[in-house]
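Heads up: the structure comes next, in structure tokens.
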Amino acid sequence: MEIKGNGENLVLIKEWHYSWKPLWRGYTDKILYINVGSKEIFEKDVPPVMKEKFIGGRGYGLKLLWDATKPDTKWNDPENEIIISSGPIGGITQYSGAGKSLVVSISPTTDLVIDSNVGGFFGPFLKFSGYDALEMQGKSERDILIFIDGVNHKVQIFEVLKLETDSHLLAEQLTDMFSENEQEKKNIGVVSSGIAAEHALFGMLNFSFYDPRRKKVRLKQAGRGGIGTVFRNKKIRALVCKVPGVKGNLNNVVDLEAIIERGRRFNREIKELDDKQSRMRQVGTAHLMEIMNDHDLLPVMNFQYGSHPEAYKIDSSVWKKNFTQNVFDGCWIGCNMSCTKGVDGFEIRTGPYRGHKVLVDGPEYENAAGLGSNAGIFDPAYIIEANFYCDTYGICTITWSTVTAFIMECFQRGILNKERADGFELHFGDAERALELLHMTAHGVGFGKIAGLGVRKMKRMFIEKGWGAPDFLFDIAMENKGLEYSQYMSKESLAQQGGYAMTNKGPQHDEAWLIFMDMVNNQIPTFEDKAEALHYFPMFRTWFGLVGLCKLPWNDVEPINNAMTDEPHKVPEHVDNYVTIYKAVTGKPFDKYRLIEDSERVYNFQRVFNLRRGYGTRVHDRQPYRAAGPVTVEEYESRAERYDKQLREQVGINPEGMSTEEKIKALRKYREEQFEKLLDAVYERRGWNKNGVPKIEFLKKIGMDLPEVIEVVKNYQ
């Protein structure tokens with residue numbers, strides 16, 4: 001094909017042809033390796049043991065990264081990799097939510113392995129082009145673009161002469177350049193970042209998808225852990241993948257009819273039940289806003305509070321008015337959840353795109369809560385604009401939300417002031433300055449350079465400079481393992497505290513979201529109950545990332561009789577759908593127990609990967625106390641009646657006559673003891689020792705007794 005602007009925008013520097021074979025039962029059994037430094041390109045076979053034990057997606061990414069790196073490899077070393085992989089179910093079009101891929105790398109913010117799930121076209125298109133995974137290593141000296149041509153079966157590397165920088169323009173530009181007509185735009189997937197990924201440690205990746213109704217390119221994000229920063233450090237400007245088209249059975253599955261039947265059943269549920277349940281087709285995940293506020297779970301002012309009287313200004317009714325209604329909003333072909341909401345024709349008020357009218361994808365709940373209430377800002381226009389700039393600049397919105405809130409509280413507490421912040425000042429509720437800081441961070445100027453370090457590194461810097469008491473900064477800095485907290489208040493849910501702090505990559509809600517089971521419905525009252533939930537749900541959700549599925553269709557629309565089942569929190573009918581689909585794609589024996597076992601192997605491998613890098617023990621599962629209880633007098637007194645009652649009924653202390661500081665201390669001692677007991681219970685259930693290290697006999701039991709894994713674990717037994 002003739003690439004528009006070739007020679008003017010791009011110069012071809014390497015071309016490599018390959019022999020394409022159709023997928024077979026969801027797999028190609030091939031990996032595409034590209035060294036962006038040496039420009040070496042070749043394909044690898046997937047060894048049978050890797051396919052058996054690691055399944056796909058996140059599993060493939062972890063295994064490839066382990067083999068490519070050393071225990072002391074840094075995020076900006078050439079040997080660090082970025083791996084993109086979908087999974088055997090990824091790319092089917094007959095069941096909703098089957099367009100996910102997982103991106104894996106060593107994180108600039110955590111120094112751990114980071115995995116981030118993402119929708120859009122690139123992951124499935126990579127499979128259709130012939131590869132189960134893309135493995136990128138090395139560092140280029142100049143900006144490059146990688147084109148995977150699934151039509152003519154070749155890979156090309158171009159030197160970039162002149163292209164747009166930020167994702168909303170770059171994805172449009174590349175989609176136009178690599179398509180010969182309007183019809184072909186739907187056959188192109190682009191991966192890009194933006195200018196912020198060159199200046200901040202938490203840069204993210206945008207994966208494009210073409211919206212034929214709007215005739216526009218849209219974006220989904222692999223947000224967590226700074227993979228976009230790794231991407232730009234390697235001088236990769238963008239990836240482009242093109243396929244001939246998408247038709248019914250590109251995965252060459254065993255039993256297409258079984259998948260179609262389950263897909264029809266689920267689509268009927270969406271049509272009949274979604275408007276009565278989560279309203280995903282109307283407002284996406286933003287339906288959670290008022291629910292979280294009503295249950296004191298909405299993060300407000302750096303997680304100090306769980307509700308706010310102005311929260312109605314950014315609740316789901318407001319987003320429904322902003323989101324374009326009655327259009328198909330799916331980020332993968334055939335997905336009928338239609339939850340990828342968008343604001344059309346939004347006029348930007350600040351920054352380099354001031355006056356531009358743009359399509360803004362979202363905000364999702366995390367963005368509305370994080371950019372909004374957690375910053376004390378209840379202005380939907382600000383949230384939409386900040387959401388847009390985070391996306392196009394290549395900034396993780398969840399991370400940015402928690403970074404901003406932390407900085408605001410540091411100004412509130414006197415840890416920061418104008419002198420210490422190079423003349424900059426930011427307080428809760430200040431939307432204008434919050435946007436100013438976003439632009440500064442994206443371009444690496446002024447105090448934006450400090451903000452771009454993330455919460456953990458800022459916290460350590462402030463301590464080293466003597467700007468605040470270390471213990472207090474540890475309490476209010478909402479990060480664990482170097483990853484900023486996602487936007488749910490966990491103070492009153494011990495299980496959710498574990499669901500955040502015990503994650504392998506850091507506190508992200510995609511592993512375990514147990515707040516309602518624990519706090520609202522009281523379904524897991526004992527430590528044993530909580531431990532069982534903190535075993536099952538992280539393993540269950542891990543499986544989505546192994547096979548290429550989105551979690552939203554699992555429980556955001558539930559069958560009408562779900563409440564009458566034995567385990568309604570697991571949505572057993574949908575679990576059975578997934579078991580049926582996996583068997584129908586792969587032809588392998590499979591059941592709901594094997595689902596958990598497959599995930600256990602990969603989950604424990606990732607834990608050992610952390611150990612290999614010098615992390616992964618009990619001390620690294622420590623949480624900031626703000627995640628567990630009230631740090632300040634204001635926090636305690638905002639819920640004084642609740643906390644006094646807990647002191648009486650749970651701690652066995654009469655709070656009468658005690659100062660607020662004494663009450664905080666007594667409650668803290670109790671809650672920290674509870675958390676330690678939870679760690680003990682969960683570690684035991686997961687087959688780990690008291691230090692959080694997988695036991696060798698357990699690794700053998702689940703089939704993750706690879707010699708290199710056992711060698712690492714031996715040092716911790």
From the option list Val327, Val360, single residue qualifying as over 23 Å from Met478 (Cα atoms), surrounded by fewer than 24 Cβ atoms within 10 Å (Cβ to Cβ) and of a type in the set (Val, Ile, Thr) is Val327
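Per-residue answers, yes or no, for (1) closer than 26 Å to Thr632 by Cβ; (2) at pLDDT below 95; (3) assigned by TED's automatic domain parsing to the domain that holds Ala628:
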{"position": "Phe303", "(1), (2), (3)": "yes, no, no"}
{"position": "Ser307", "(1), (2), (3)": "yes, no, no"}
{"position": "Lys313", "(1), (2), (3)": "yes, no, no"}
{"position": "Phe328", "(1), (2), (3)": "no, yes, no"}
{"position": "Val358", "(1), (2), (3)": "no, no, no"}
{"position": "Glu364", "(1), (2), (3)": "no, yes, no"}
Across (1) in a helix (DSSP H, G or I); (2) of a type in the set (A, V, I, L, M); (3) within 18 Å of Gly351 (Cβ to Cβ), Ala405 clears everything bar (3)
In the set Tyr593, Tyr615, the lone residue that is modelled with pLDDT of 95 or more, surrounded by fewer than 20 Cβ atoms within 10 Å (Cβ to Cβ) and not in a helix (DSSP H, G or I) is Tyr615
Is it the case that the stretch 156-170 has a residue that's under 30 Å from Trp543 (Cα atoms) and either in the same structural domain as Asn336 (by TED's automatic domain parsing) or aliphatic (A, V, I, L, M) (or both)? no
Taking the criterion of being under 26 Å from Met704 (Cα atoms) and either assigned by TED's automatic domain parsing to the domain that holds Glu172 or hydrophobic (A, V, I, L, M, F, W, C) (or both), would at least one residue in the stretch 32-41 satisfy it? yes
Query raised in the report: Do we have any residue at all in the stretch 620-639 that's of a type outside the set (Ser, Thr, Tyr), surrounded by fewer than 14 Cβ atoms within 10 Å (Cβ to Cβ) and without any contact (Cβ under 8 Å) to a residue 12 or more places away in the chain?
Result: no
Pairs returned, first residue in the stretch 494-517 that is β-branched (Val, Ile, Thr), second residue that is at pLDDT below 90, beta-carbon separation under 9 angstrom, 6 or more apart or interchain, are Thr503/Asp510; Thr503/Glu511; Thr503/Ala512
Across the stretch 130-163, the tally of residues that are polar (S, T, N, Q) and within 19 Å of Leu549 (Cα to Cα) stands at 0
Of Lys530, Lys583, the only residue that is basic (Lys, Arg), assigned to a helix (DSSP H, G or I), out of contact with any strand residue (DSSP E or B) (no Cβ under 7 Å at 6 or more places or on another chain) and buried (at least 23 other Cβ atoms within 10 Å of the Cβ) is Lys530
Here the residues within the stretch 131-188 that are hydrophobic (A, V, I, L, M, F, W, C) and either over 29 Å from Trp66 (Cβ atoms) or surrounded by fewer than 19 Cβ atoms within 10 Å (Cβ to Cβ) (or both) are Val151, Phe158, Val160, Leu161, Leu163, Leu169, Leu170, Ala171, Leu174, Met177, Phe178, Ile188
Q.
Among the residues that make up the stretch 251-267, is at least one of them touching a Pro at 6+ places or on another chain (Cβ under 8 Å), outside the structural domain of Pro630 (by TED's automatic domain parsing) and outside any loop (DSSP other than H, G, I, E, B)?
A. yes
Contact list, first residue from the stretch 454-480 and over 15 Å from Ile407 (Cβ atoms), second anywhere and in a helix (DSSP H, G or I) and among the basic types (Lys, Arg), beta-carbon distance below 6 Å, six or more apart or interchain, is Asp475/Arg626
Residues of the stretch 16-45 being of a type in the set (D, E, K, R) and closer than 24 Å to Ala68 by Cβ, in sequence order, are Asp29, Lys30, Lys39, Glu40, Glu43, Lys44, Asp45
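The values are calculated or read from the model by the stated rules, or taken from the named source; none is laboratory data. Quick caveat, the model's predicted, so the values are computed rather than measured. Cβ coordinates were reconstructed from backbone atoms using ideal geometry, including for glycine residues, and neighbour counts include every protein chain displayed.
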